[in-house]
Amino acid sequence: MIRTDRLTLRRARIEDLADVHAMLSDPRAMRYWATPEHETVEQSRAWLEGMVQGAPGEDDFLIEHEGRVIGKAGAWRLPEVGFLLHPDHWGKGLAFEAMTAVIAHLFTAHAVEALTAEADPRNAASLRLLGRLGFVETGRAERTLLWRDEWCDSVYLALPRRAWTG
């Protein structure tokens, strides 16, 4: 568990399903995610069960704010990090606060020389956040993800351990 001024970052539990589904079923939250919004609670349950079970190379957290799960942040597959926040909580600095704590944890807990991230180049808010965290662009690729019937591109970024200032 990680605590910040406003957040608790903790491991997922099945009891988080209602809050997780509220996030994963919101089209605004999922616009630049790997999959479109979840149409059923069962889709969200399967996603959450995978997070609860964990996988090798995973060090992922749910973001809790004022007693509710509002997002996720962490490494779904080291060294790649990611984050997702319910739109009701955008623009308040919560993703930056969560990711700052997660990055510090990941560099402390794992012998990785750099953390990486991938974003859709149209996702300006996420790219700004990653830049504020110290990530720098390392490359781009076209047509990396088919999202519904639309091909999306990718921007790849990295944050070397030596560049992390916390």
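Of all residues in the stretch 64-75, those satisfying the criterion of being crowded, with 18+ Cβ neighbours inside 10 Å and over 20 Å from residue 131 (Cβ atoms) are 64, 65, 69, 70, 72.
Does the stretch 137-166 hold any residues that are of a type in the set (Phe, Trp, Tyr), outside any loop (DSSP other than H, G, I, E, B) and touching a Phe, Trp or Tyr at 6+ places or on another chain (Cβ under 7 Å), and which are they? Talk me through it step by step, then tell me what you get.
Of the residues in the stretch 137-166, the ones of a type in the set (Phe, Trp, Tyr) are 147, 151, 156, 164.
Next, from what is left, pick out any that are outside any loop (DSSP other than H, G, I, E, B): 147, 151, 156.
Correct list: empty.
Condition check ((1) under 22 Å from residue 126 (Cβ atoms); (2) in a loop (DSSP other than H, G, I, E, B); (3) touching a strand residue (DSSP E or B) at 6+ places or on another chain (Cβ under 7 Å)) across all residues:
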| residue | (1), (2), (3) |
| --- | --- |
| 19 | yes, no, yes |
| 38 | yes, yes, no |
| 44 | yes, no, no |
| 51 | yes, no, yes |
| 60 | yes, no, yes |
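Do you know which residues across the stretch 38-51 are touching a residue at least 24 places away in the same chain (Cβ under 8 Å) and either touching a helix residue (DSSP H, G or I) at 6+ places or on another chain (Cβ under 6 Å) or among the charged types (D, E, K, R) (or both)? Full working, then the answer.
The first filter runs over the stretch 38-51 and keeps only residues touching a residue at least 24 places away in the same chain (Cβ under 8 Å), leaving 41, 44-45, 47-49, 51.
Scanning the stretch 38-51 gives 41, 44, 45, 48, 49.
The test for being assigned to a loop (DSSP other than H, G, I, E, B) and closer than 21 Å to residue 112 by Cβ does not hold for residue 74.
Just to be sure I understand, how many residues within the stretch 99-136 are assigned to a strand (DSSP E or B) and loosely packed, with under 15 Cβ neighbours inside 10 Å? First the steps, then the outcome.
If we filter the stretch 99-136 for residues that are assigned to a strand (DSSP E or B), which is where we start, we get 114-119, 136.
Next, only the ones that are loosely packed, with under 15 Cβ neighbours inside 10 Å stay: 136.
Of the residues in the stretch 99-136, 1 are assigned to a strand (DSSP E or B) and loosely packed, with under 15 Cβ neighbours inside 10 Å.
Note on the stretch 10-32: residues that are surrounded by fewer than 16 Cβ atoms within 10 Å (Cβ to Cβ), at pLDDT below 90 and closer than 25 Å to residue 112 by Cβ total 0. Selection of first residues in the stretch 1-19 that are under 14 Å from residue 95 (Cα atoms) and of second residues that are among the acidic types (Asp, Glu) and assigned to a loop (DSSP other than H, G, I, E, B), restricted to Cβ pairs under 9 Å at least 6 apart or on distinct chains, gives the following pairs, ordered by first then second residue: 6/66. Give the stretch 85-98 a look and list any residue that's surrounded by fewer than 20 Cβ atoms within 10 Å (Cβ to Cβ) and either among the aliphatic types (A, V, I, L, M) or in contact (Cβ under 8 Å) with a residue 60 or more places away in the chain (or both), or say none. Answer for the stretch 85-98, where residues must be surrounded by fewer than 20 Cβ atoms within 10 Å (Cβ to Cβ) and either among the aliphatic types (A, V, I, L, M) or in contact (Cβ under 8 Å) with a residue 60 or more places away in the chain (or both): 87, 97.
A quick yes/no check of all residues on (1) in contact with a Phe, Trp or Tyr (Cβ under 8 Å, 6 or more places away or on another chain); (2) of a type in the set (Gly, Ala, Ser); (3) at pLDDT 95 or above:
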| residue | (1), (2), (3) |
| --- | --- |
| 49 | no, no, no |
| 57 | no, yes, no |
| 69 | no, no, yes |
| 72 | yes, no, yes |
| 81 | no, no, yes |
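All of 23, 1, 51, 99 fail the test of being under 28 Å from residue 134 (Cα atoms), of a type in the set (A, V, I, L, M, F, W, C) and touching an Asp or Glu at 6+ places or on another chain (Cβ under 7 Å), apart from 51.
The values are calculated or read from the model by the stated rules, or taken from the named source; none is laboratory data. All of these numbers come straight from a predicted model, not from anything done at the bench. Note that we place each Cβ from the backbone using ideal geometry, even for glycine, and neighbour counts take in every protein chain shown.
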